[in-house]
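All remarks here apply to the structure that follows.
The values are calculated or read from the model by the stated rules, or taken from the named source; none is laboratory data. None of the values given here were measured: they were computed from a predicted structure. Here the Cβ positions follow ideal geometry from the backbone for every residue, glycine too, while neighbour counts run over all protein chains shown. Ligands, DNA and RNA are excluded from the accessible area calculation, which covers all protein heavy atoms including side chains. Shrake-Rupley method; radii C 1.70, N 1.55, O 1.52, S 1.80 Å.
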Amino acid sequence: MAAVRFLPDDVVVEAAPEETLLEAARRAGVPLASACGGEAACTTCRVVVVEGREGLEPPPPDEAAVLAPLGDDASLRLGCRARVRGPV
């Protein structure tokens, strides 16, 4: 399990390995929108990773393709695709 801290609410949840940020947020009751239902078809579940980017799996191709038009900010991730592997 890895601690994931959601701001600005300062909610900390223990995320299971490979759990997505969206799944962890929903389980913890943290409001995180997802218009496409977690299919990486939109960017409504995007998050800014303030600390612990290394605690996430690298972006899969579908996430990278959706985020490409938004620029090359490595701290920007899709909650539905960002899988936890360590503290974030």
- The residue from Arg83, Arg77, Arg53 that alone is open to solvent by less than 40 Å² (accessible area, probe 1.4 Å) and of a type in the set (Lys, Arg) is Arg77
- Message: Give me the residue from the range 56-74 that is exposed (fewer than 13 other Cβ atoms within 10 Å of the Cβ) and not in a loop (DSSP other than H, G, I, E, B) and, out of that set, farthest from the chain's Cα centre (by Cα).
- Response: Pro69
- Working only within the range 3-50, note down all residues that are open to solvent by 30 Å² or more (accessible area, probe 1.4 Å), more than 18 Å from Val66 (Cβ to Cβ) and assigned to a loop (DSSP other than H, G, I, E, B). Leu7, Pro8, Asp9, Asp10, Ala16, Pro17, Glu18, Gly29, Pro31, Val50
- Query: If you take the residues of the range 63-88 that are under 19 Å from Arg5 (Cβ atoms) and among the small types (Gly, Ala, Ser), which of them is modelled with the lowest pLDDT?
  - Reply: Ala74
